[in-house]
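Below is one structure, written out as structure tokens; the observations come after it.
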Amino acid sequence: MTRCMNARDCSVLMACRNPYAANFVKNTCAKPDLLHFYETNLASLKSVKKTSDEILNRNQKIDIVILNAAVFGLPWTLTDDGLETSFQVNYLSQYYLLMNIEKVLSPNARVVFVSSESHRNITWSMEEVLAPNVDLLSIPKEKYTSIKAYNVSKLCGLLAMHYLGYRWLNTGKQVFSAHPGSFVKTKLCRNWWVYEALYSFMLPFSKSISQAASTPLYCATSPELEGLSALYFKDCQRCEESELAKDFHLSFRIQDLTYDLLREWISSSEEVTQVAQTDEYRDQRKDDSMDENTLISSYSG
Ligand SMILES: NC(=O)c1ccc[n+]([C@@H]2O[C@H](COP(=O)([O-])OP(=O)(O)OC[C@H]3O[C@@H](n4cnc5c(N)ncnc54)[C@H](OP(=O)(O)O)[C@@H]3O)[C@@H](O)[C@H]2O)c1
């Protein structure tokens, strides 16, 4: 995706943890001067905050945000912030980054959550849907399976897309989710030899890595999507997400949990000035709820 954007003269800010991988991309890009690397570990909210501050300090508008990073198939581990790793890396930290840089998004910016068809495999009971708690998202060890944690993180991304589609209603900002393809042989399967073997076996039937980049890039750049928002795509075509992912009320509840987790972290960290900023965010969230029901009917997502 970076190479493709670079070939079309985009300046790309790469927020990633591995300087060698970033350098490799830089050295194989047509216009390396347009690439900027921000060392970011998504398993640490502090690191995400540092990157956000550096991006804000550039004082430049951002037209496209692609939230692409993910882990899959990990044994149960906690991040620096005490949260289950897949949940934090695949969703929470990337959402936090987006929230922090929202003020420098250009008026008609596009945000793309790189999603997965596997979000469909999550079923929650009515009780869980009506009153989700943090354990449902940051899964504790005794209830953990790596597939479930991954699928939940992807569901959270889709729900966040719907929340943002609503929040940015009647603005020029757009938000989409994109499934890149199934069993694409990337580094995603590196954490367990069984997945490595499965993805290798599926290689002749799955998309190449370049092909897999096409749907997120389509969502990020296609003029065909002008005026649309809060939609899910696969194979560069509109696709219905799962019923759970479309549950508009659930997207607000997950948003509240997300806010609570971030606020808890922010108040316990030394970034005191951020508390005020997050309070603003909570107030905005409250305003949203006030006319939630009236606006739901006019929401096109
Ligand atoms: N491959 C598939 O079949 C498939 C199917 C459906 C959806 N997807 C989605 O496609 C997206 C891209 O995945 P991929 O297949 O290209 O897998 P990948 O090659 O493993 O890429 C994932 C990226 O996330 C980065 N990352 C992981 N943990 C991180 C952390 N703590 N901090 C910062 N960066 C971190 C990795 O960085 P490092 O290089 O430093 O590890 C890597 O660059 C993901 O959202 C995935 O869920 C993939």
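The values are calculated or read from the model by the stated rules, or taken from the named source; none is laboratory data. All of these numbers come straight from a predicted model, not from anything done at the bench. When we count neighbours, we look across all protein chains shown, and the Cβ atoms used for this are built from the backbone with ideal geometry, even at glycine.
Taking each residue of the stretch 191-216 that is of a type in the set (Gly, Ala, Ser) and looking for partners that are more than 10 Å from the ligand (Cβ to nearest atom) with beta-carbon atoms closer than 7 Å, six or more apart or interchain, yields Ala213/Cys4; Ser214/Cys236. All of (1) touching a residue at least 60 places away in the same chain (Cβ under 8 Å); (2) of a type outside the set (A, V, I, L, M, F, W, C); (3) in a helix (DSSP H, G or I) hold for Glu102 with one exception: (1). Taking first residues from the stretch 223-245 that are farther than 21 Å from Leu169 by Cβ and partners that are of a type in the set (Ser, Thr, Tyr) and crowded, with 22+ Cβ neighbours inside 10 Å, the Cβ contacts under 9 Å between residues at least 6 apart in sequence or on separate chains come to Lys234/Ser115; Lys234/Thr215; Asp235/Thr215; Cys236/Thr215; Gln237/Thr215; Cys239/Tyr232. Inside the stretch 201-253, can you point out the residues that are over 22 Å from Arg110 (Cα atoms), assigned to a helix (DSSP H, G or I), more than 14 Å from the ligand (Cβ to nearest atom) and aliphatic (A, V, I, L, M)? Within the stretch 201-253, Leu250 is the sole residue that qualifies.
Which one is surrounded by the most Cβ atoms within 10 Å (Cβ to Cβ), of the residues in the stretch 53-79 that are more than 19 Å from the chain's Cα centre (by Cα), within 16 Å of the ligand (Cβ to nearest atom) and part of a loop (DSSP other than H, G, I, E, B)? If we take residues in the stretch 53-79 being more than 19 Å from the chain's Cα centre (by Cα), within 16 Å of the ligand (Cβ to nearest atom) and part of a loop (DSSP other than H, G, I, E, B), then Trp76 is surrounded by the most Cβ atoms within 10 Å (Cβ to Cβ). Somewhere in the stretch 119-127, is a residue within 11 Å of the ligand (Cβ to nearest atom), within 19 Å of Phe87 (Cβ to Cβ) and touching a Lys or Arg at 6+ places or on another chain (Cβ under 7 Å)? Scanning the stretch 119-127 turns up at least one residue that is within 11 Å of the ligand (Cβ to nearest atom), within 19 Å of Phe87 (Cβ to Cβ) and touching a Lys or Arg at 6+ places or on another chain (Cβ under 7 Å).
Can Gly181 be described as more than 16 Å from the ligand (Cβ to nearest atom) and either under 27 Å from Cys4 (Cβ atoms) or modelled with pLDDT of 95 or more (or both)?
Details: more than 16 Å from the ligand (Cβ to nearest atom): no; either under 27 Å from Cys4 (Cβ atoms) or modelled with pLDDT of 95 or more (or both): yes.
It is false that Gly181 is more than 16 Å from the ligand (Cβ to nearest atom) and either under 27 Å from Cys4 (Cβ atoms) or modelled with pLDDT of 95 or more (or both).
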